[in-house]
Each structure stands twice: as structure tokens, then as C-alpha cells.
Amino acid sequence: MLHLEVSSARAILLSRVRDTKNAMSEKFGEKLRKVRTSRNKTLEELATAIGSSKAYVWQLENKKNAKPSAELLLKISNYLGASPDFFLDDGAEKPSSDQMEDAFFRKFKNLSEDDKKYIDRIVSGLDGGEKN
């Protein structure tokens, strides 16, 4: 069921990105560089992670009106732990709480069951609740 929800969410996001591709954020490159450097990632590390070249990532960061494909935007977002919506929204200077939660849950879904249980125990300790 989780896989179906993730697939549905991915399809919706891809559709939204395709619909807004012509109106890609003018600040996309600036945001990409800021997030990448705040995560201490090099151009080369990002390029390797998303299956692209260092030169293309440099272009995305420096070319005005860079327009990565929907698939590439998802790869970038997943690798850097940022929501695609943040990169698309010119008005956002930093990720909103919703965008940060979205990025967290996209990472969380890829964890092993043991890691998910471990995180659940940590969160349970933070809120004072007892969960198994």
C-alpha cells in the first residue's frame, strides 16, 4: 500500500513539474547551489548521484532559467533532501515546514524496516510516548 501511495505521489509530482516546466523558478540555480553547498556536496558528487555530468550541474546552477527534466529534479531533490516544490517556488527563500517534511518522508520510505523502527523509538522518546 505504501508503494502505491508513493507511486501516486510521484506521478502527481511529475505531472506538476511537467506543467510548470516552462515556468521553472528563476532562482532554481541559486537555490540548487545554496542547498548543495550547505550539504557540503561538490558539483561532482551531485552529478554522480543523479547520473549527470559535472558540467551540466554547473550549468543548472549558473544558467538563468535552467530547466531540468522532472526526473532530474526528483533525483536532485532526493539526493539533497529538499522538496522539489522548494526549487520550483521563487517566493521561497528557505524550505517550508511542509517541504522539509516531504523531503524527510521521501528519505524515510527508503530506509530498512530496522532503521524505521529505530527512528520510531527515537521519536517516541522525544514526545514522551511509548511505541513498539
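The values are calculated or read from the model by the stated rules, or taken from the named source; none is laboratory data. Nothing here was measured: the structure is a model prediction, and the numbers come from that model. When we count neighbours, we look across all protein chains shown, and the Cβ atoms used for this are built from the backbone with ideal geometry, even at glycine. Ligands, DNA and RNA are excluded from the accessible area calculation, which covers all protein heavy atoms including side chains. Shrake-Rupley method; radii C 1.70, N 1.55, O 1.52, S 1.80 Å.
Could you check the spin-label model distance between Ile119 and Ser53? Points 7 Å from the Cα along Cα→Cβ, value in nm.
In this crude label model, Ile119 to Ser53 measures out at 3.6 nm.
How would you order 109-120, 75-86 from highest to lowest mean count of nearby Cβ atoms within 10 Å?
Working: 109-120: 11.0, 75-86: 20.2.
Order by mean packing, descending: 75-86, 109-120.
Can you list residues from other chains, or at least 5 along the same chain, whose modelled amide H is less than 5 Å from the amide H of Ser83?
So Ser83 has HN proximity to Ala103.
If the limit is 19 Å between Cα atoms, which of Lys27/Lys109; Lys75/Lys109; Lys31/Lys109; Lys75/Lys116 go over it? List each step's numbers first, then the result.
Values: Lys27/Lys109 29 Å; Lys75/Lys109 15 Å; Lys31/Lys109 25 Å; Lys75/Lys116 22 Å.
Those over the limit are Lys27/Lys109; Lys31/Lys109; Lys75/Lys116.
Solvent-accessible area of Glu30, probe 1.4 Å, all protein chains present, reported in Å² to the nearest ten, please.
Roll a 1.4 Å probe over it and Glu30 shows about 110 Å².
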